[in-house]
Amino acid sequence: GEDGASIVVNDVEFDDDFIYAATNNGILRANLDENLLDYNSWLIIETIPNSNKKFNHLVKHSGQIVANYTPEEWYADELYILSNGTWQPYLQNIKFAFDMQSSQGILTIASRERIFVVDNSHSVIGDIKYYNINNEEIKPINPRSSLVTTDGTIMVADYQNELIKI
């Protein structure tokens, strides 16, 4: 933080050149070749909307950094993607993210009562709103995190239903 003060870091992510830190006061970025212990190496990203507000998640998907801004209001999150050096709105229909994970070329976003599944061309290819367990439809769901395994299975950490395999 400023003058070396401690700050809350909610998430970190890397691309080929930088490390990014999502904080309660924006996203900081440092060059991987710099001394990361020196607070002067970290710069606030001012080119993203809400640049000095709370960002809680970062993920690298399909070679690009995706950030989640959260005003901590019901269904008011905003996703942004760093594309060719410019931050742009991303998947604007997604208004809340508990967690984002990219694996096997698939991005999963655990949201309120649903999981969004996004392919490597940034298209939503799935919207999971219920689980089918023993021929019973379970809803509403309460996912907190999810990811795709090497065999294409979606594993979900669900607040009420524990570990779910889809």
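The values are calculated or read from the model by the stated rules, or taken from the named source; none is laboratory data. For clarity, every value in this text was computed on a predicted model and none was experimentally measured. Glycine gets a Cβ as well: all are built from the backbone with ideal geometry, and neighbour counts include every protein chain shown. In case anyone asks, the SASA skips ligands and DNA or RNA and just uses the protein heavy atoms, side chains included. Shrake-Rupley method; radii C 1.70, N 1.55, O 1.52, S 1.80 Å.
Data overview
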| item | result |
| --- | --- |
| Around SER103: net Lys/Arg minus Asp/Glu count, Cβ-Cβ under 14 Å | -3 |
| Positive-end residue, the chain charge dipole about Cα centroid, Cβ charges, pick of TYR131, VAL148, GLY105 | TYR131 |
| Cα-based radius of gyration of the chain once divided by 2.2 N^0.38 Å, which approximates compact folds | 1.09 |
| Surface share of carbon and sulfur [accessible, 1.4 angstrom probe, percent] for the stretch 32-166 | 45 percent |
| In sequence order, calculated HN-Hα J values of the stretch 94-104 (Karplus, 6.51, -1.76, 1.60; Hz; x Gly/Pro) | 8, 10, 7, 9, 6, 6, 9, 9, 10, 7, 6 |
| Å² per residue, accessible surface of the stretch 1-89 at 1.4 Å | 57 Å² |
| Listed residues PHE116, PHE18 arranged by accessible area, highest first, probe 1.4 Å | PHE18, PHE116 |
| Shape call, the stretch 1-84: gyration tensor on alpha carbons, a/c limit 1.5 | oblate |
| Local net charge near GLU73, Cβ-Cβ under 12 Å (Lys/Arg +1, Asp/Glu -1) | 0 |
| Within straight-line cross-link reach of LYS139, lysines at Cα separation under 28 Å, skipping those fewer than 8 residues along the same chain | LYS95, LYS129, LYS165 |
| Long-range Cα-Cα pairs in the stretch 1-41 (distance over 16 Å), rounded percent | 31 percent |
| Point-to-point label distance, ASN35-LYS165, nm (Cα→Cβ direction, 7 Å offset) | 5.0 nm |
| Accessible-area order (highest first, 1.4 angstrom probe) of the listed residues VAL117, VAL124 | VAL124, VAL117 |
